[in-house]
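Report on the structure given below.
Derivation of every value follows stated rules applied to the coordinates shown; laboratory data play no part. Nothing here was measured: the structure is a model prediction, and the numbers come from that model. In this analysis, Cβ positions are derived from the backbone assuming ideal geometry, glycine residues included, and neighbour counts consider all displayed protein chains.
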Amino acid sequence: MTHRRTVLKGVLGFALAASVSSAALAQEALKIGLILPMTGPFASTGRQIDAAVKLFLAKEGAVHGGRKLEVILKDDAGNADATRRLAQELVVNDKVSVLAGFGLTPLAMATAQVATQAKVPQVVMAAATATITEASPYIARTSFTLPQASEPMADWAWANGIKKVFTVVTDYGPGIDAETSFANKFKAAGGTVESVRVPLRGPDFAPFLQRVSEAKPDALFVFVPSGVGAQFMKQFVERGLDKAGVKLIGPGDVVDDDILQGIGDVALGAITTHHYSAAHDSPANKAFVEAFQKANPGMRPNFMAVGGYDGMQLIAKALEATKGDANGDKLIAAMKGASWESVRGPVKIDPDTRDIIQNIYVRKTEKVGSELHNVEFATIKDVKDPVKARK
Amino acid sequence: MSVALQTFDLCKSFGGITATDHVDFTLEKGARHALIGPNGAGKTTFVNQLTGVLKPSSGCITLMGEDITKLTREARVQRGLARTFQINQLFATMTPLEMVALVTSERLGRGSQPFRALDLDAELVEQTAEILTRFRLDDMMDRTIATLPYGKQRQIEIAAAFAARPTVLLLDEPAAGVPEAERRELMQTVAELPDDVSVLLIEHDMDLVFRFATRITVLVNGRVLAEGTPEEMARDPAVRAAYLGESTHV
Amino acid sequence: MLTILFDGIAYGMVLFVLGCGLSVTMGLMNFVNLAHGAFAMLGGYVAVLAMQRLGLPFLASLPLAFLSAALVGIVLERLIYRPMYAKSHLDQVMFSIGLVFMAVAGTDWLMGSTQQFIRLPAWLQGRFEIAGIGIGRYRLFVIAICGLLAISLQWGFTRTRFGSRLRAAVDDARVARGLGIPVNRLFALTFALGCGLAGLGGALGIELMGLDPTFPLKFMIYFLIVVTVGGTSSITGPFFAAMLLGVADVVGKYLVPQVGAFIIYALMVVLLITRPHGLFARARA
Amino acid sequence: MRAESFDARVRQALYANRRWHPAEIGFWILAFAAYLLFPSHLLLLNEIAILALFALSLDLILGYAGIVSLGHAAFLGMGAYAAGLLAKHVTGDPFAGLACGMAAAGLVGLLTSPLVLRGSDLTRLMVTLGVALILYELANSFGSLTGGADGLQGVMMKPVLGQFEFDIFGRTAYLYSLSVLFLLFLIARRVVHSPVGLSLRAVRDNPLRASASGVPNGRRLAAAYTLAAAYAGAAGALLAQTTQFVSLDVLDFHRSADLMLVLIIGGAGYLYGGLIGAIAFKLLQDAIASFTPQYWMFWIGLFLVLFVLGGREIIHSAVKTVAGRFARLGRGGAR
């Protein structure tokens, strides 16, 4: 009996010691749990953000508000159950003070409860469905929302003589967000809209594009996840839609900077509205792109990378405001209303919704030198997420 | 009526080949009946139709006066028609004990009871033990069937069929491939089957047939060539020509 | 509508070239090779690399895709596939799924996870119209190549000595061996041919289906449908199955985009239930 | 005449099959003790318990009834969505959700069993795969009900037995999942050692002889398939409840493939295979994922290939040796 008791004591003692020592460590470094899809179909999102986070630490330094930022990277492979479990483990075992990353909407949504229960700020760096920030009071976002990028497109299209639009979107949260926000705004202006949704696993766009070509719209509004954008563009051209005078418009995902070069000349002339282009004309952005490409040869930073970079910026800002206090409530309070000059232009975290307020640019895909770029030619200033703004 | 099993105008053809050709066959109650014929005569096809493995092309089959032509295999077993197989069809990973217990439990209607423990079922234990003793499997009931000698496996074939308490038992070449040393025990087992069970023996081995059967049917090319007592058959010139003559050379 | 039919046929043609090798391996050695798509992916990547790194023209990269996939197929067949023939279907399935996983992760590691692209020569881009039917040049090219392949395969399968031996071996390997047909070598060759065709299909399919490391998983079900519906004992079976699948998929999506990919799976299950040996299987006793 | 003592021997031999082995008791004590031993890994333990239940379900049909399936995720997903939807719209009571998940998955199992029972192994593999894919597409298409690719949000669970709130550390989750696993394991253990279990083994070993022994093969297999489906549904329900979230991933093909690997590692047909396999698989996955997060799929694939190429025998003989040691230890301790 006594023997067993000492064993039990030993085990408990060990567990206690372990938790004390990790608490002591936390006084020194501030741990950020970065959960990204590093494998699977959305791995490019993870790679971009991971690279941007590393770049941030290298460029801006790791110490902010007197605390050293320590990033723990976990791969959820784009699988929501894994995201949630990893978030829980990061909070419980690694005692992270901030959760960050989240490449896709379901991944961010699955973690919301963890953030709420643990009172840990969750910085969403990529996922773009409008409702995400409503899932938990601890969520702040540094990417964008699809309505935010899609509604200005409706305005631009109407103002430029487009009357009839056909929308093709991927059948999941962000796609539906893009479709409804664009269609509502465009119809309200007086235009007509026809819509079709393509399955997430759809390998061939031919049947959908055939419908478009028969409808003979003025413009085709498209949202597909960035990976399949190339295929879409090629089939768009192959079907002769560009020659038939159908303009290709949409939020910037389809002409993602990361793969634009691979899409090739078929992307020329696409008009998109988005919050970031690697060709954004500012000294800060030039330096950013240069440093990014130096650290990651062959990669061009895209809007995901900027979301990751600014996510770290936001964490650093909040930590400076709290003077190193890692309390979750204080951190999220400090994040509300934070504003800074990002490489994409001025940004601000909306104190009411914790979503990002930023400029949306209208861009045209053009050849700059030998490379394809999305060249910005108009700016709509300080756009809030329209879905939440209406509430 | 003293008929146990009967077929009326039974036919079976595969493509163009007629394997069973208008067979009318009667097995009396308590009979020791043998079905013989050269290779390819359609004996096994005939048995497979009786037991429901094959569906006849036409004709019907009755068991104790009941039409069983359309019944499933297991329904025929439940009505008292059991068989052995020419090539061993055993549960290789089971022990003889488990195999006999399985047949017994199905017969007792336990098969669909998911929460019953086998060992707490006195009736099952008693009847399983009875079969194991009768077929002299008691000292090896715990060994995996696949590891037992071939003769013993043939013995289990019969035991498993008998455990279904059949009124009609079809033995499909029970002694096929059994080495001489183990043969005697097997033949004794067959001889010791109780009188109230009607037995149809399908066999090549004439020695066994003449020692065992009181009546013989000769099947050639899917057709009944002749039927009668062993003595009659031995004398029948057609049978001798078609079959016995041939077998003496083998 | 006819344009859609044309698109569906082009899609089906690629599926045929991708899947027919699988159906022969399945018929010949009764071996379930779910990793078939990995060979297709290999061909695709070889074509991409040949064009991007070596600067080869598109037409030259196609035979390269075929050869490399065939070569890898022959080596793998010798080294690791052969011991699997005697094992159960379940083991074969697990084994080949393992290979798929390795191929997916390995490709990811070597090539990155992004979609790969090729640039078609100008004469294959765009489309023209005949009698109101829009015809994509590239799709026409695919149909021509794959149609030629299908015809020559059918000819080879039915008219040559190799073909007749192959058919004998598919019917009954044991008997064929007894007749002195070198079944093992025959199979190695067929396996290589099947892999090569998959590789070619992978290269041709880049423009239609895209190419990324998850290709073998994404399209596994399509190959399987081609094989299970088409049966494993002929060239024509998988051919019509692939056509049916391609056209049904494309037309279905065109007419009722809401149900998406759902139709083809339902089709497969229904066909498997009603015709468990495949739609075009020869009756066997 | 045979002696009374032979009856007793037969009874004893039949009892031996279902007697609790000391190693089994040790296994379950360890499983519950893990709660105290690894307080910081309860989330992983919870996942192991759920995967073990899922694997137990596959073992029931693969190991005992000999039905191969590449689409077992269909039932996991069905259970998860049923339990999740019940919690979202009707009641957050965990046991109601569990029952609902089991019933829904069991129903799907019952309805699809006629499809699965016909044909060869290959047809079964394809049909099960097809059924799972169809369910995946259905769940994807009925986005208004299931949340589609975004996942089912807003699953709120009430405390277990009105007492134990699901906490962020996974304490309640692990004990709840483990208890359900243990209970369902006891039932499964009882079933496989019952006449039904015996007849399933008979059908697996030799369907021809089974029907010649009076076993209604089809009905028995359908029952087993339905039971296994309900078990997988329970695993799905546990998954939905302890993560309070359901995504399309529960229906994904890789779930079914991983599950096969679990059973291959652990060995099928003795109930513990799934449990041991689940432990090994999750630990392996966790270990590999922590040192090469990107490429763990490669290693899993390599393991699969090596297992099938011959590693399995080695592993299983190792497991047997260890189990044998345990048994001797146990017997020694009992004396």
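Across the stretch B:195-209, computed HN-Hα scalar couplings (Karplus, 6.51 cos²θ - 1.76 cosθ + 1.60, θ = phi - 60°) run 5, 6, 8, 7, 10, 10, 9, 9, 8, 9, 6, 5, 4, 5, 4 Hz from first to last residue, x flagging Gly and Pro. Across the stretch B:3-249, C-alpha contacts under 8 Å between residues 6 or more apart give a mean separation that, scaled by the residue count, equals a relative contact order of 28 percent. Could you give the nm distance between label points at residue B:147 and residue A:155, where each point is 7 Å from its Cα heading toward the beta carbon? With each label point 7 Å from Cα toward Cβ, the separation is 8.3 nm. Helices meeting the span-like rule in chain D (full DSSP H runs, Cα extent of at least 24 Å along the helix axis, mean Kyte-Doolittle score of 0.0 or higher): D:42-59, D:94-117, D:121-141, D:171-192, D:217-243, D:272-291. The modelled label-to-label distance for the pair residue B:192/residue D:17, using points 7 Å beyond Cα in the direction of Cβ, is 2.5 nm.
The GluC sites (Glu not before Pro) of the stretch B:141-250 meeting both criteria, a DSSP state outside H, G, I, E and B (loop) and at most 16 other C-beta atoms within 10 angstrom of the site's C-beta, are B:192. Here chain D is assigned +1 on the Cβ of each Lys and Arg and -1 on the Cβ of each Asp and Glu. Its dipole about the Cα centre then comes out at about 1500 debye. Cross-link partners of residue A:31 among aspartates and glutamates, defined as those whose alpha carbon lies under 20 angstrom from its own and excluding same-chain residues fewer than eight positions apart: A:50, A:60, A:70, A:75, A:76, A:89, A:94, A:310, A:320, A:325, A:329. Taken about its Cα centre, the stretch A:246-313 carries a charge dipole of about 80 debye when Lys and Arg each add +1 at the Cβ and Asp and Glu each add -1 at the Cβ. The protection proxy used here, the mean number of other Cβ atoms lying within 10 Å of each residue, ranks peptides A:187-194, D:4-11 as follows, highest first: D:4-11, A:187-194. Compute a Gaussian network model of chain D, connecting alpha carbons closer than 10 Å, and tell me which residue from D:75, D:281, D:182 fluctuates the most. For chain D, modelled as a Gaussian network with Cα springs under 10 Å, the answer is D:182.
Diffusion of the stretch C:113-248 by Stokes-Einstein, at 25 °C in a medium of 0.890 mPa s and with Rh set to the Kirkwood radius over alpha-carbon pairs, works out to 142 µm²/s. Partner lysines whose Cα lies under 18 Å from the Cα of residue A:164, excluding those fewer than 8 positions away in the same chain, are identified as A:185, A:187, A:216, A:243, A:247. Per-residue packing, averaged as other Cβ atoms within 10 Å, sorts the ranges D:102-114, C:210-222 into the order C:210-222, D:102-114, beginning with the highest.
Sequentially through the stretch B:3-12, phi angles give Karplus couplings (6.51, -1.76, 1.60; θ = phi - 60°) of 9, 8, 9, 9, 10, 10, 6, 6, 10, 8 Hz, Gly and Pro residues having no value and appearing as x.
Comparing D:46, D:206, D:17 in a Gaussian network model of chain D where C-alpha atoms under 10 Å apart are linked, the largest mean-square fluctuation is found at D:17. Gyration tensor analysis over the Cα atoms of the stretch A:41-128 returns equivalent ellipsoid semi-axes of 21, 17, 10 Å (largest first, whole Å). Here the contact order of the stretch C:2-274, divided by its residue count and restricted to Cα pairs under 8 Å and six or more residues apart, works out to 42 percent. Shown for the stretch A:180-274 is the translational diffusion coefficient from the Stokes-Einstein equation, using the Kirkwood radius over Cα pairs, a temperature of 37 °C and a viscosity of 0.692 mPa s: 240 µm²/s. Based on the Kirkwood approach, the hydrodynamic radius assigned to the stretch B:3-249 is 18.8 Å, with every pair of different Cα atoms included. Note on C:263-270: average number of Cβ atoms from other chains within 10 Å of each residue's Cβ is 5. Using R0 = 25 Å, the C-beta based FRET efficiency linking residue D:38 and residue D:164 works out to 0.85.
Note on chain C: Kirkwood radius taken over Cα pairs, Stokes-Einstein applied at 37 °C and 0.692 mPa s, translational D equal to 171 µm² s⁻¹.
Membrane-span-like helices in chain A, defined purely by DSSP H runs whose alpha carbon atoms cover 15 Å or more axially and whose average Kyte-Doolittle hydropathy reaches -0.5, are A:2-28, A:43-60, A:80-92, A:105-118, A:146-159, A:173-189, A:283-295, A:303-321. A Förster radius of 60 Å combined with the Cβ-Cβ distance from residue B:207 to residue A:215 puts the calculated FRET efficiency at roughly 0.10. Over all orientations, chain A has a Cα convex hull whose mean projected area works out to 20.8 square nanometres. When the alpha-carbon atoms of the stretch A:129-249 are used, the pair Rg, Dmax equals 14.8, 49 angstrom. Simple spin-label estimate for residue C:67 and residue C:167 gives 3.2 nm between the two label positions (7 Å along the Cα-to-Cβ direction from each Cα). Normalised by residue count, chain D yields a Cα convex hull volume of 169 Å³ per residue. When all alpha carbon pairs of the protein assembly as shown are counted in 10 Å bins from zero, the resulting P(r) reads 2, 8, 15, 19, 18, 15, 10, 7, 4, 2, 0, 0 %. Show which aspartates and glutamates lie in cross-link reach of residue A:388 when reach means a straight Cα distance below 17 angstrom and same-chain residues fewer than eight apart are skipped. Output for residue A:388: A:134, A:151, A:177, A:179, A:350, A:352, A:355. By how many degrees, between 0 and 90 and to the nearest 10, does the Cα long axis of helix B:180-191 differ from the longest principal axis of chain B? Relative to chain B, helix B:180-191 is tipped by roughly 90 degrees.
Binning all Cα-Cα separations of the stretch A:280-391 at 5 Å, short to long from zero, yields these whole-percent fractions: 2, 10, 17, 21, 18, 14, 10, 5, 2, 1.
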